[in-house]
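Report on one structure; see the data block that follows.
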Amino acid sequence: MKIIDISQPLFEASIYPGDTPPKFTRVKTISKDTYNLTDISMCVHNGTHIDAPFHFLKNGVGVDKLPLDVFYGECVVQKWSGNIPQNCERLLIKGEHIITAEDANLLVKSGVRLVGVESQSVGDPNSQAEVHRILLNCGIVLLEGLVLKDVEFGEYTLSAFPLNLGKCDGSPVRAVLIK
């Protein structure tokens, strides 16, 4: 078995313009307090993260209501070609492809439950809201900020569970592929 980390290191991660960058503060140290304790501050969409429907849908569910089985199972890593493998529930798109509204509608028709991309956000900057709404409104979870450059195309098992952050609109994840 081989486990491949496809997550960005959080404090070195790409930040979507306007998002609060992650930072940590060491509030206790072994030398002074006999133990280390760290506080963090960040946007839930920093680094490798998922988008819950509440991110773009007024009445969309938060992270806590997403079905956990979508975050673990068989997935396919491929370049975007418009062809989605039969019975593919989890699709990770390798490369710089920007998902268009037309692509989003193809994904909805395909039955995919999770779509992962390397960029910090799916969709063209001019139509991100539309692409997010199409996918999230149909129950497709978005996994953004992946690191797939050294991953070969093919089939894997994905594990990318979000933190249980209640009705938050997103959550950081530690995403791995298992071969």
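The values are calculated or read from the model by the stated rules, or taken from the named source; none is laboratory data. Just so it is clear, the structure is predicted and the values come from calculations on it, not from any experiment. Heads up, the Cβs are rebuilt from the backbone with ideal geometry, glycines too, and the neighbour counts pull from every protein chain shown.
Listing for the model above:
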| read-out | value |
| --- | --- |
| Any hit, region 129-144, residues being surrounded by 16 or more Cβ atoms within 10 Å (Cβ to Cβ), in contact with a strand residue (DSSP E or B) (Cβ under 8 Å, 6 or more places away or on another chain) and free of Cβ contacts under 8 Å to residues at least 40 places away in the same chain | yes |
| Selection count, region 49-82, where residues are touching a residue at least 24 places away in the same chain (Cβ under 8 Å), assigned to a loop (DSSP other than H, G, I, E, B), within 16 Å of the chain's Cα centre (by Cα) and surrounded by fewer than 14 Cβ atoms within 10 Å (Cβ to Cβ) | 0 |
| Near pairs, Cβ below 9 angstrom, 6+ apart or cross-chain, from region 151-178 (in contact (Cβ under 8 Å) with a residue 40 or more places away in the chain and farther than 18 Å from Ile84 by Cβ) to any residue that is basic (Lys, Arg) and exposed (fewer than 15 other Cβ atoms within 10 Å of the Cβ) | Glu152/Lys179; Thr157/Lys179; Lys167/Lys65; Leu177/Lys2; Ile178/Lys2 |
| Selected residue (criterion: surrounded by the most Cβ atoms within 10 Å (Cβ to Cβ)) from residues of region 1-22 that are part of a loop (DSSP other than H, G, I, E, B) and hydrophobic (A, V, I, L, M, F, W, C) | Ile6 |
| Output for region 85-98, where each listed residue is at pLDDT 95 or above and of a type in the set (Val, Ile, Thr) | Ile93 |
| In region 7-46, the residues that are in contact with a strand residue (DSSP E or B) (Cβ under 6 Å, 6 or more places away or on another chain) and under 30 Å from Gly154 (Cα atoms) | Val44, His45 |
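The rows are residues; the columns are (1) surrounded by fewer than 22 Cβ atoms within 10 Å (Cβ to Cβ); (2) assigned to a strand (DSSP E or B); (3) of a type outside the set (S, T, N, Q); (4) modelled with pLDDT under 95.
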site	(1), (2), (3), (4)
Asn105	yes, no, no, no
Val115	no, yes, yes, no
Gly123	no, no, yes, yes
Val151	yes, no, yes, no
